[in-house]
Amino acid sequence: MANDPGKMKAYWKKNLQTLFFLLLIWFLVSFGFGILWVEELNQFRFGGFKLGFWFAQQGSIYAFVVLIFIYVYRMNKLDKEFDVNED
Amino acid sequence: MDILTWTYILVGLSFTLYIGIAIWSRAGSTKEFYVAGGGVSPLANGMATAADWMSAASFISMAGIISFAGYDGSVYLMGWTGGYVLLALLLAPYLRKFGKFTVPDFVGDRYYSNTAKVVAVICALFISFTYVAGQMRGVGIVFSRYLEVPIEWGVVIGMCIVFFYAVLGGMKGITYTQVAQYCVLIFAYMVPAIFVSMQLTGNPVPQFGLGGELADGTALLDKLDGVLAELGFAEYTSGRKGVMDVFMITLALMVGTAGLPHVIVRFFTVPKVKDARLSAGYALVFIAILYTTAPAIAAFGIYNAINSTSEKEISSLPVWVSNWQKTNLIAVDDKNGDGKIQYLADPVTNELTIDRDIMVLASPEIAELPNWVVGLVAAGAMAAALSTAAGLLLVISTSVSRDLFKTFRPEISEKKELRIARIAAAGAVLLAGYFGVNPPGFVAQVVAFAFGLAAASFFPVIIMGIFSSRINKEGAIAGMISGLIFTLAYIIYFKFISPEMNTADHWWFGVSPEGIGSIGMFLNFLVCIVVSRFTPAPPQSVQDMIQEIRIPRGAGQAVDH
């Protein structure tokens, strides 16, 4: 693997794509829904919550947890696919 | 049994547990002392990270801050959790693969320079010391409030406990005590929250109770908005800070979290790269349990506090009000002499002052829970303060023994290094204790800025060290120094030199000193990239190392070389 720069490059590129996609969601749920567009989202209700407020104090945190586990799953798969996993 | 007896019993039991664990897991080698031997399971490491991370301030004060800040309190909720996404995706796996013991280790190797390493050590020591002094003070306050001893004695007791298991056990002892401390603190936090949620909304899950309905059928948050508006306060669910400021503070807290040395070092303790990723996920689950409950406690607390005092006869206030009046956390002043309390936004006519810490500390009494729950909350607060203090002390002692001493005297034996690490830990405990007893006026203020400083110094250099192979030592050193100095100067100017100027009109781009670490971070990135472009690329051996840390295979355990 380490001797094959082409394959290594492809692995790294896929890794960066995963990171980009996940960090985009990370930005969207917190800085987007919780801060920048909070007023707009507060027009909508989510049970007893205003939606924007829910994202700022609850939803974003749940999303963060889910994001990390998606990352763990994706990377474990990617590691196996490129044969760079540890076991 | 009364509250004090229960407190002594529960706190005593929890301390016995911690000390027992410390003796069972004491460190025998430098590797055990620095990274717990590198064999901690991801689940245990996640719990330990959560306890390490959640300080006395998270446990006692955060809910109260949100009670009074409403929506604006979201900066802490998002800021102190979102950083774990950055940590899991951008830092933890690569630093684990790198496979040494400390952040300065990485900076020193990646930037092939002892100067860069020393700059990193100074940043680490500075951040950790400001943070730990605040923790020791927190330990003292908790002790004095619950055990009714003077604050000084509280600090001394706390020092003895931390001394015992941090100095003896090193990272190994700390890790397993932190697992126990997490269990104690989360149980203590959740029990009152669940009962209060049941009482107010009939829903036992506080996270749902926050969005639940009160007995009269209106949603809790809508009711709160209305009540606060009537008293002249801003609505609970809308913000008062500028959008730009909220954005930047949240960013600084997130990035700062990912750059804190005592958090990063936890990911050196797991066996594999895979485990580092997973354990960041577990850590965030354990943290999120508390962080999604805190806003519920905040809203329940402020609603209950207003409901049971506003426009009520002073002679017939509930017992918890008079209980906490003794500790000066609640003050009543019947200014207009009508025998009733008016809680108002206008400070001239307001007759009730409530300390923010009440929201967590008094919640068992407000909910009329049995006395043992109060004792439990005391044990939980203590666990939160001690676990964070211990983690920080370890970073300080490692920085001294390994990053400073070993770097310049590489020939010392492992036994000697371990002794130096222990002496450094002992020295750090004493120094932290001194600051806990005699807090310099600036400590409380500076703790909040430790995040900004971590964001502006470490984060960019570590990220670019992994994701770019062109960034060189000149860029890294210039970047760290400029980020740190810029952030420090901005904070010192607005907080200490001209505090009267500390208003939104004078801030750059409307960013408060709390959020300036974000700008410092961008500056660090910029300086680093520009300087690197005009100076030679890193040598081939470093380029190879960068390629090496990007793939998981061959991590092995953290090694000393």
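We did not get these values from a lab; they are worked out from the coordinates using the rules stated. Just so it is clear, the structure is predicted and the values come from calculations on it, not from any experiment. Methodologically, a virtual Cβ is constructed for each residue, glycine included, from the backbone with ideal geometry; neighbour enumeration extends over all protein chains shown.
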In degrees, nearest 10, the alpha-carbon axis of helix B:443-467 is tilted away from the dominant principal axis of the alpha carbons of chain B by 40
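Out of the stretch B:490-561, which chymotrypsin sites (Phe, Trp or Tyr not before Pro) are coil in DSSP terms and have no more than 16 other C-beta atoms within 10 Å? Walk me through the numbers before you get to the answer.
Numbers: sites: B:TYR490, B:TYR493, B:PHE494, B:PHE496, B:TRP507, B:TRP508, B:PHE509, B:PHE522, B:PHE525, B:PHE534; in loops: B:TRP507, B:PHE534.
Filter output for the stretch B:490-561: B:PHE534.
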Over the residues of the stretch B:484-533, compute the C-alpha Rg and express it relative to 2.2 N^0.38 Å. 1.26
Report the extension gain between B:GLN199 and B:GLU548 in nm, rounded to one decimal, defined as 0.36 nm multiplied by the number of residues separating them, less their alpha carbon distance. 120.0 nm
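Are any of the pairs B:LYS241/B:LYS473; B:LYS31/B:LYS274; A:LYS80/B:LYS117; A:LYS77/B:LYS31; A:LYS50/A:LYS77; B:LYS340/B:LYS495 more than 27 Å apart by Cα-Cα distance, and if so, which? Before the final figure, lay out each step's value.
On the way: B:LYS241/B:LYS473 39 Å; B:LYS31/B:LYS274 20 Å; A:LYS80/B:LYS117 35 Å; A:LYS77/B:LYS31 31 Å; A:LYS50/A:LYS77 38 Å; B:LYS340/B:LYS495 38 Å.
Listed pairs above 27 Å: B:LYS241/B:LYS473; A:LYS80/B:LYS117; A:LYS77/B:LYS31; A:LYS50/A:LYS77; B:LYS340/B:LYS495.
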Structure-based [θ]222 nm, the protein assembly as shown - -39500 (n - 2.57) summed over DSSP H runs of at least 4, per residue, nearest 500: -21000 deg cm²/dmol
Descending Cα extents along the principal axes, the protein assembly as shown, whole Å: 81, 53, 49
For the Cα atoms of chain B, what angle does the longest principal axis make with the long axis of helix B:151-162, in degrees from 0 to 90, nearest 10? 40
For B:LYS272, give me every one of the aspartates and glutamates with a C-alpha distance below 17 angstrom, ignoring sequence neighbours fewer than eight places off in its own chain. A:ASP79, A:ASP83, A:GLU86, A:ASP87, B:GLU32, B:GLU548, B:ASP560
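Could you give the alpha-carbon Rg of the stretch A:5-81 over 2.2 N^0.38 Å, rounded to two decimals? List each step's numbers first, then the result.
Values: Rg = 16.3 Å, N = 77, 2.2 N^0.38 = 11.5 Å.
Normalised Rg, Cα atoms only: 1.42.
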Positive dipole terminus of the stretch A:5-81, leading residue within A:PHE69, A:GLN17, A:GLY32 (C-beta point charges): A:GLN17
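Using a 10 Å cut-off on Cβ atoms, rank the peptides B:457-464, B:181-188, B:333-340 from the highest mean neighbour count down. Could the numbers behind the result be given before it?
Working: B:457-464: 26.5, B:181-188: 24.0, B:333-340: 10.8.
Taking the mean over residues of other Cβ atoms within 10 Å, the ranking is B:457-464, B:181-188, B:333-340.
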Please compute the modelled spin-label separation between A:TYR62 and B:LEU317, points set 7 Å along Cα→Cβ, answer in nm with one decimal. 3.8
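Just want to confirm a number: the relative contact order over chain B, from Cα pairs under 8 angstrom separated by 6+ residues, in percent.
Values: 1023 pairs, mean separation 166.5, N = 561.
Relative contact order comes out at 30 percent.
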Exposed-loop cut sites defined as GluC sites (Glu not before Pro) in DSSP loop states with at most 13 other Cβ within 10 angstrom; longest site-free run of chain B spans B:149-310
Considering Cα pairs under 8 angstrom that are at least six residues apart, work out the relative contact order of the stretch A:5-81 and quote it in whole percent. 30
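On average, how many beta carbons from a partner chain sit within 10 Å of the beta carbon of a residue in A:66-74?
Values: counts 2, 7, 14, 7, 1, 8, 13, 3, 1.
Partner-chain Cβ atoms within 10 Å, mean over residues of A:66-74: 6.
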Going by Cα centres, the stretch B:406-441 and the stretch B:204-280 are how many Å apart? 35
Of the trypsin sites (Lys or Arg not before Pro) in the stretch B:187-255, which ones lie in a loop per DSSP and count no more than 14 other C-beta atoms within 10 Å? B:ARG240
Calculate how steeply helix A:5-27 sits against the longest principal axis of the alpha-carbon atoms of chain A, using the helix alpha-carbon long axis, and give the answer as 0 to 90 degrees to the nearest 10. 10
